[in-house]
Amino acid sequence: MAGGGGAAPAPKADELVPHPVKDQLPNVSYCITSPPPWPEAILLGFQHYLVVLGTTVIIPTALVPQMGGGNDEKARVIQTLLFVAGINTLLQSFFGTRLPAVIGGSYTFVAPTISIILAGRYSDIADPHRKFLRIMRGTQGALIVASTLQIIVGFSGLWRNVTRFLSPLSAVPLVALSGFGLYELGFPAVAKCVEIGLPTIIILVFISQYMPHAVHAEKPVFDRFAVIFSVAIVWLYAYFLTIGGAYKHTPPKTQSHCRTDRSGLVSSAPWIRVPYPFQWGAPSFDAGEAFAMMAAAFVGLVESTGTFIAVSRYASATPLPPSILSRGIGWQGIGILLDGLFGTSSGSTVSVENTGLLALTRIGSRRVVQISAGFMIFFSILGKFGAVFASIPLPIFAALYCIFFAYVGSCGLSFLQFCNLNSFRTKFILGFSLFMGLSVPQYFNEYTAVAGYGPVHTSARWFNDIVNVIFSSKPFVAGLVAFFLDNTLHRNHSAIKKDRGYHWWDRFRSFKTDNRSDEFYSLPFNLNKFFPSV
């Protein structure tokens, strides 16, 4: 080998360089402040309405029969949940974070609601309808008390002070498991009627990912409206299977998942009905139940923080300033208060599936989500019409979740671009928090499934509910572990500040240090004068 004393050769043009880090996600067609044309915006808003229907139907379908309610009560609760979701979405988009976030029913509140259903004070009521009303009033009381937690933590600025210490590294497990942590609601629910669930996944992937490259249309139609196409095709196919007698001799469980005429919603829903506060009667209050619901509200607050971060990314906005995040949590608390006043049987958080839809369509417009809120309110009042869409078989929704939850999870992983992945500190925090976030809730859920109660089983039911609810949430456990380790493991070294990506988000820690914050997050109607963001 010959030795040479010349200068180092100049880098070649095609030499490998890492991808540049981006504060805002590129390639988004319409960001928060740029709405699509009206006809397109209305169709996209309808698509968001279709997606939010899944959770809106699944939660009352699971809870109302256990409360003692029949199809009539179930239809009214679904209407109420949809109506309040529409109001909460409008409040959040106008006065909260101002992000295109849909606020809908949350599975986090199901466990404390079931605990209320099983409470001894309702077991001696023989009449099912009376039992339903009493349990619903108890749930309302617990939600009203629980809402104060988010209202106080949000509007007092307490959450602002906590999230100031959030770095990209500690955000990764929180946001990633906000999506990936919902894997139980994906394929296991698709498999309950695999002949309609699996085609939905295949058709949705084909239309949204392959068709745009195969068919060169003037406008991006297939990727933008893939959900409407997929749901329409498979719903029609499921309808033909139903009327063709494919499920005539199948077990009742299969029929309820597969048939298009088994929801009992269309016949039970009233033609026109406006939900109103205290429609089930005056709420009743129980301290233990309120504490359990407050634990769910706290978990919901953390989960929503992760989903809000994902929404801001997919809307091509800058990272959320902590004061805006805190304001959004305060308004979400008002949303839970409305849930309690109207009687929805569940509290609300940011809809993960609608966040995934922002990514699929590449449209993060605020107007589109406000239009979808209009659809929610409109179809909840016109009960029969809304019930037709709400009777879509649930495995179709589960198929959509497989893609939407995955998008939110991958958004969490995308924050690794700000971190040093060659640091052992990063590897430990990332791996340990993700693993514990999956493993601890798995233990709690498995134990509960076998024993019928959680691992924490003392004589104080409210204490059991608090601990079991908190540690059954995957994003909460992962986020808590990552946040604690990231803020205690030699964080003051200047090199470690860079490793954790903290310096990338420095200029967004205050509302005023980046002029783009004003464009995305400032309040309408000149309200910033009276409610300044810090």
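The values are calculated or read from the model by the stated rules, or taken from the named source; none is laboratory data. Everything numeric here is computed off the predicted structure, so don't read it as measured data. Methodologically, a virtual Cβ is constructed for each residue, glycine included, from the backbone with ideal geometry; neighbour enumeration extends over all protein chains shown. Please note that ligands, DNA and RNA were not included when accessible areas were found on the heavy atoms of the full protein model with its side chains. Shrake-Rupley method; radii C 1.70, N 1.55, O 1.52, S 1.80 Å.
Computed values, structure above
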{"item": "Three-way shape call for the stretch 298-383 based on the alpha-carbon gyration tensor, with the a/c threshold at 1.5", "result": "oblate"}
{"item": "Surface share of carbon and sulfur [accessible, 1.4 angstrom probe, percent] for the stretch 255-365", "result": "66 percent"}
{"item": "Free-standing Cys, the chain [no other Cys Cβ under 4.7 Å]", "result": "Cys31, Cys402, Cys411, Cys419"}
{"item": "Within the chain, longest stretch clear of exposed GluC sites (Glu not before Pro) (DSSP loop, no more than 13 other Cβ within 10 Å)", "result": "219-534"}
{"item": "Excluding exposed DSSP-loop trypsin sites (Lys or Arg not before Pro) (at most 11 other C-beta within 10 Å), longest clean stretch of the chain", "result": "249-534"}
{"item": "Whole-angstrom gap from the stretch 188-208 to the stretch 398-436, using each part's C-alpha centre", "result": "25 Å"}
{"item": "Heavy-atom accessible surface of the stretch 47-200: percent carbon and sulfur, 1.4 Å", "result": "67 percent"}
{"item": "From phi via Karplus (6.51, -1.76, 1.60), per-residue ³J(HN,Hα) for the stretch 222-233 in Hz, x at Gly/Pro", "result": "5, 5, 7, 10, 4, 5, 4, 4, 5, 4, 4, 5"}
{"item": "Sequence-distant lysines (8 or more away, or on other chains) whose Cα lies within less than 19 Å of Lys512", "result": "Lys529"}
{"item": "Carbon plus sulfur fraction of accessible area for the stretch 446-528, probe 1.4 Å, in percent", "result": "61 percent"}
{"item": "Difference of contour (0.36 nm per residue) and Cα-Cα distance, His213 to Lys498", "result": "98.7 nm"}
{"item": "The chain - mean residue ellipticity at 222 nm from DSSP helices (-39,500 (n - 2.57) per run, n ≥ 4, rounded to 500)", "result": "-20000 deg cm²/dmol"}
{"item": "Average accessible surface area per residue within the chain, 1.4 Å rolling probe, Å²", "result": "42 Å²"}
{"item": "Unsatisfied cross-links (Cα-Cα over 19 Å) in the set Lys74/Lys192; Lys22/Lys498; Lys474/Lys497", "result": "Lys74/Lys192; Lys474/Lys497"}
{"item": "Cα gyration tensor category, rounded, prolate or oblate, for the stretch 422-534 with a/c compared to 1.5", "result": "oblate"}
{"item": "Amide H partners (placed H, <5 Å) of Ser106, local residues excluded", "result": "Gly347, Thr349"}
{"item": "Matching label, Rg/Rh (Cα atoms, Kirkwood Rh) computed from the structure shown, candidates [x] 1.19; [y] 0.99; [z] 1.13", "result": "[y]"}
